[in-house]
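Reading through the structure tokens given below for one structure.
The values are calculated or read from the model by the stated rules, or taken from the named source; none is laboratory data. Small disclaimer: the values here were computed from a predicted structure and weren't measured. Here the Cβ positions follow ideal geometry from the backbone for every residue, glycine too, while neighbour counts run over all protein chains shown.
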Amino acid sequence: MPRYGMVIDTNRCVGCDACTLACKIQNGTPPGVLLARVLEKEEGKYPAVKRIYLPMLCFHCENPPCVKACPSKALVKRADGIVAVDKSKCCGVKACIAACPYDALHFYDNHRGYFGDDLTPIERYYYGRHRTGTVLKCDFCSERLKQGMVPACVEACPVSCRHFGNLDDPQAPISQMIKKGAKQILAEAGTQPSVYYMSNEGGVG
């Protein structure tokens, strides 16, 4: 059984948001809900200014605080390392959202689309897969993994800054990148995330 993880090379990320759009298409998320988003900031002083991009998603932690916080046991840590939501059990109290230090969970509270109640055909298709009053989150595109595919955000990245694979395989590219200095962010939170970052300095602390 693999233990899935991801390494994101921030040296290559250009902030194009292809990952964000691919995720929205794959998961049919409503307005305001981004399971894959890209944070950005400027560093330095003129004329030596640069823009930094930091792609974010669920970190599928080894010690996930969202799972511990959920009173209905709707969030589970699977054997393959993915943290998933059982929507049939979700009671919508949002304790998991408050517990996550990465702001990776979202509450789905209505079926309104980008044009209000007048849903487009694709919105009607996708929104029918979600239940109001429940939590939405990244699951590493589990349905794609079953078909031998990589997550949509990985496939869509035009600069190949996202690397996905088995953390328990020492020969896997992501394992080699971790050996070379890829780091977890907010490591002090003690969650042991399965998503790592590379930068020119070796990692994103």
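At-a-glance table
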quantity	calculated
Residues of region 46-85 classified as farther than 18 Å from Ile8 by Cα and either of a type outside the set (D, E, K, R) or free of Cβ contacts under 8 Å to residues at least 40 places away in the same chain (or both), total	25
Restricting region 90-126 to residues that are under 22 Å from the mean Cα position of the chain (by Cα) and among the aliphatic types (A, V, I, L, M), the residue that is nearest to Cys153 (Cα to Cα)	Ala104
Residue match in region 47-69 (condition: within 27 Å of His111 (Cα to Cα), over 15 Å from the mean Cα position of the chain (by Cα) and at pLDDT 95 or above)	yes
Any helices (runs of 4 or more DSSP H) falling wholly within region 127-205 and containing at least 3 residues that are crowded, with 20+ Cβ neighbours inside 10 Å and within 13 Å of the chain's Cα centre (by Cα)	152-156
From Cys138, Cys161, Cys157, Cys153, residue being within 21 Å of Asp86 (Cβ to Cβ) and at pLDDT 95 or above	Cys138
Restricting region 57-82 to residues that are aliphatic (A, V, I, L, M) and outside any helix (DSSP H, G or I), the residue that is farthest from Gln184 (Cα to Cα)	Ala74
Tally of residues being assigned to a loop (DSSP other than H, G, I, E, B) and in contact (Cβ under 8 Å) with a residue 24 or more places away in the chain across region 92-119	13
Boolean, Ala74 is of a type in the set (A, V, I, L, M, F, W, C) and surrounded by fewer than 19 Cβ atoms within 10 Å (Cβ to Cβ)	no
Residues located in region 2-46, provided they are charged (D, E, K, R), in a loop (DSSP other than H, G, I, E, B) and more than 16 Å from the chain's Cα centre (by Cα)	Arg12
